[in-house]
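S.K.: Would you mind keeping the following structure in view while I ask a few things?
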């Protein structure tokens, strides 16, 4: 599936990687940074999504669309679509530019707004990637897990880098009898939950 990376997609990925690096180096406030996943995490997510069972694919926290591009490649391979939620209007505009430039609008549905206002309408989730403000992780976990199909996957980013802030959710995931879970030490750490 990664052979689908076109020159335009590669150029946009490199542009977003450069913006992310610049923002981290110049002290851009955390809430304004792109905060995208590293390439290795993107590839990992693509493989996970492509391996997910039948069901809806969701992404909570689009940012500029970098991780969504990895999911788009998997969606094309699997004949699926990705619904991605982004709250910040500026990041929505960047994501739209990313999707237009890379020609992936055929497999992406960008929803501008608060994912928490929409998640209850999505049942039968086969795959969900969570990479948003850390204060909504618990609420997202609580809304997504009951809606996962059997074998459905929830992947949450930044669980090692933000372990203290996410401790209640991580503890719940470890003892939740509805899922098997593991923390994968890739990028900033990914919590992977599989619905039993």
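Bear in mind that the values in this text are calculations on the coordinates, not laboratory data. Note that the coordinates shown come from a computational prediction; the quantities given were computed from them, not determined experimentally. We place every Cβ from the backbone using ideal geometry, glycine too, and count neighbours over all the protein chains shown.
S.K.: Sort 150, 134 so the one with the fewest other Cβ atoms within 10 Å of its own Cβ comes first. Show your work: numbers first, answer last.
M.R.: Values: 150 10, 134 17.
In order of increasing Cβ crowding within 10 Å: 150, 134.
S.K.: Please report how far the C-alpha centroid of region 63-84 lies from that of region 142-189, rounded to the nearest whole angstrom.
M.R.: Here the two parts' Cα centres lie 20 Å apart.
S.K.: What relative contact order, as a whole-number percentage, does the chain give when Cα pairs under 8 Å and 6 or more residues apart are counted? Please report the intermediate quantities before stating the final value.
M.R.: Numbers: 353 pairs, mean separation 36.9, N = 196.
Reported as a whole number, the value is 19 percent.
S.K.: For every helix of n ≥ 4 consecutive DSSP H residues, a contribution of -39,500 (n - 2.57) applies; sum these over the chain, divide by its total residues, and give [θ] at 222 nm rounded to the nearest 500 deg cm²/dmol. Please report the intermediate quantities before stating the final value.
M.R.: On the way: 6 runs with 80 residues, N = 196.
Computed ellipticity for the chain at 222 nm equals -13000 deg cm²/dmol.
S.K.: Using a simple spin-label model with points 7 Å from Cα along the Cα→Cβ vector, what separation in nm is obtained for residue 135 and residue 51?
M.R.: It is 3.5 nm.
S.K.: Mean shadow of region 127-196, computed from the convex hull of its alpha carbons, in nm²? If you can, show how the numbers build up before the last one.
M.R.: Numbers: hull surface 15.8 nm².
The orientation-averaged projected area of the Cα hull of region 127-196 comes to 4.0 nm².
S.K.: State, to one decimal in nm, how far the label point of residue 43 lies from the label point of residue 142, with both points 7 Å from Cα in the Cβ direction.
M.R.: Computed distance between label sites residue 43 and residue 142 equals 3.8 nm.
S.K.: Okay, moving on. Under a plain spin-label model, where a point goes 7 Å from the Cα along Cα-to-Cβ, how far apart in nm are residue 76 and residue 11?
M.R.: Result: 1.6 nm between the two label points.
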